[in-house]
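Only one structure is covered here, and it is reproduced in the block below.
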Protein chains: 2
Amino acid sequence: MTGTKERIASELERSFAEAGFAGQGVEALRAEADVSLRTLYKHFPSREAMILGALEHRDATYFRWLEGGPQEGAAHVLHPLVRLGDWLGEVANTGCLFLNAWAQYPDSAAIAAVVRDHKARLAGEFRQRLARVAPRQDTGHLAETLFLLHEGMTQAARLQGREIAYEAAMHAARAALAAQNID
Amino acid sequence: MTGTKERIASELERSFAEAGFAGQGVEALRAEADVSLRTLYKHFPSREAMILGALEHRDATYFRWLEGGPQEGAAHVLHPLVRLGDWLGEVANTGCLFLNAWAQYPDSAAIAAVVRDHKARLAGEFRQRLARVAPRQDTGHLAETLFLLHEGMTQAARLQGREIAYEAAMHAARAALAAQNID
DNA sequence: GAAAAAGTAGAGCGATCGCTCTACTTTTTC
DNA sequence: GAAAAAGTAGAGCGATCGCTCTACTTTTTC
């Protein structure tokens, strides 16, 4: 029941991540999910809903991916960037699924909302980590910088390769943290 | 003759930048360019060729946009980031046209090539500027960092707004330059 | 174990989309 | 000013795409 929907959402995430949002029609998505067209449409009543389902699933997947890691110091703050580096090496280096979806459907308010929500939560992640490590400092703009490095690493990795982008982002992040005496 | 092709390419760039690569069929592009279908296809014999034409035009537009500016010091190196900030405020804040096109056509070798070429040239821009300002230092990874900040600013601006993204990128860039005693 | 819910399999609809082609006119070339 | 090139206007093709619907089977619920 909800199990079926979950399973389909998981396959949709995988499918869109692998082959992109264009070029892949509903029939192809159906085949990947290995369900009938009727069942697919029952849970996701339009192609747009399928994309939303995939993005919401990815949102959960990614925040689970960020769990754990060092609990103190600069390493606590940098952990999401390290994990992004892992993701680019182990899972996929094909840009950001959310931004790719948004690029495809610039007029969909629902997709824009999911993208903004995910990214806002990600920016919040950096804010919380900084607040934990340096509770007496104003680290608001530092959080924005780390978020920007996260987005930059994702895109640069496609173009320059994972290693270069990872080193560049970590280098910039450490310099920015050092400038505020966070280590 | 070449004048017509130029004019069409310019309209295609504007059109794709405004309305994205999806949702806009060839007929809509034809109307925007204000030519007949036959003329459009004469110069750009497929929709993919139209996208390539728009990207090549944007490539020229953007490098012209970067011309001028301070010729020395950190300001010379930072100039492309400043100009990107101007672009996001004055022209458009809708992500990167190249990456958006690539997201739409992940299987097109021709589009991938144009995107890679443009981005490689942009990375080279930072390398050259650093070589001019600090000829005796190894600034290779610094150039990669600045390129990453350029890409990050482009994406973050859509999500956090131009001001925040601009400040965050400049902040990180200055910290990275300062760490290597470039001012 | 009867009733309801959830599933399969797949035909086929209306609409759209990229592209071609025809018939004709305007502009350019030498 | 004749010939060639470049243009307009738009009908219409084959293919694809998102989605609906029918007929039937399997699973779940109580």
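The values are calculated or read from the model by the stated rules, or taken from the named source; none is laboratory data. Given the structure is predicted, the values throughout are model-derived calculations rather than measurements. Every residue, glycine as well, gets a Cβ built from its backbone with ideal geometry; the counts of neighbours run over all protein chains shown.
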Suppose the filter is away from DNA strand C (no atom under 16 Å from the Cβ) and either surrounded by 20 or more Cβ atoms within 10 Å (Cβ to Cβ) or among the hydroxyl-bearing types (Ser, Thr, Tyr) (or both); does A:Arg64 pass it?
no
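Would you please name the residue that is nearest to the other protein chains (Cβ to nearest Cβ), looking only at residues in segment A:100-129 that are within 20 Å of the chain's Cα centre (by Cα) and not in a helix (DSSP H, G or I)?
Of all residues in segment A:100-129, those within 20 Å of the chain's Cα centre (by Cα) come to A:100-106, A:108-129.
Then keep just the ones that are not in a helix (DSSP H, G or I); that gives A:105-106, A:108.
Numbers: A:Tyr105: 7, A:Pro106: 4, A:Ser108: 10 Å.
Step by step, filter segment A:100-129, then rank; the result is A:Pro106.
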Filter result for the condition that a residue is among the charged types (D, E, K, R), over 13 Å from the mean Cα position of the chain (by Cα) and within 9 Å of chain A (Cβ to nearest Cβ), over B:Arg132, B:Arg158
B:Arg158
I'd like the full set of residues that are of a type in the set (Gly, Ala, Ser), closer than 16 Å to A:Arg174 by Cα and in contact (Cβ under 8 Å) with a residue 60 or more places away in the chain, limited to segment B:137-183.
B:Ala169, B:Ala173
Meets criteria (among the small types (Gly, Ala, Ser) and at pLDDT 95 or above) for B:Ala60:
yes
Any idea which of (1) at pLDDT 95 or above; (2) in a helix (DSSP H, G or I) is the one A:Gly69 doesn't satisfy?
(2)
I'm checking my understanding of the structure. Among residues of segment A:1-44 that are closer than 20 Å to A:Tyr62 by Cα and within 14 Å of another protein chain (Cβ to nearest Cβ), which one is nearest to the chain's Cα centre (by Cα)?
A:Ala17
Regarding segment B:72-80, can at least one residue be identified that is free of Cβ contacts under 8 Å to residues at least 12 places away in the same chain, surrounded by fewer than 20 Cβ atoms within 10 Å (Cβ to Cβ) and away from DNA strand D (no atom under 15 Å from the Cβ)?
yes
Can you list residue pairs whose Cβ atoms sit under 6 Å apart, with the first residue in segment B:24-38 being within 12 Å of DNA strand C (Cβ to nearest atom) and the second being among the hydroxyl-bearing types (Ser, Thr, Tyr)? Count only pairs 6 or more apart in sequence or on different chains.
B:Leu29/B:Ser15
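Just to be sure, is B:Ala17 more than 16 Å from DNA strand D (Cβ to nearest atom) and assigned to a helix (DSSP H, G or I)? Spell out the reasoning first.
Working: more than 16 Å from DNA strand D (Cβ to nearest atom): yes; assigned to a helix (DSSP H, G or I): yes.
So B:Ala17 fits the description; yes.
Counting just the residues of segment A:135-150 that are out of contact with any Asp or Glu (no Cβ under 8 Å at 6 or more places or on another chain) and among the charged types (D, E, K, R), which one comes out farthest from the other protein chains (Cβ to nearest Cβ)? Spell out how you get there, then give the answer.
Let us first name the residues in segment A:135-150 that are out of contact with any Asp or Glu (no Cβ under 8 Å at 6 or more places or on another chain), namely A:135-140, A:142-143, A:145-150.
If we keep only those that are among the charged types (D, E, K, R) too, we end up with A:136, A:138.
Details: A:Arg136: 20, A:Asp138: 13 Å.
Per the stated criteria, the residue is A:Arg136.
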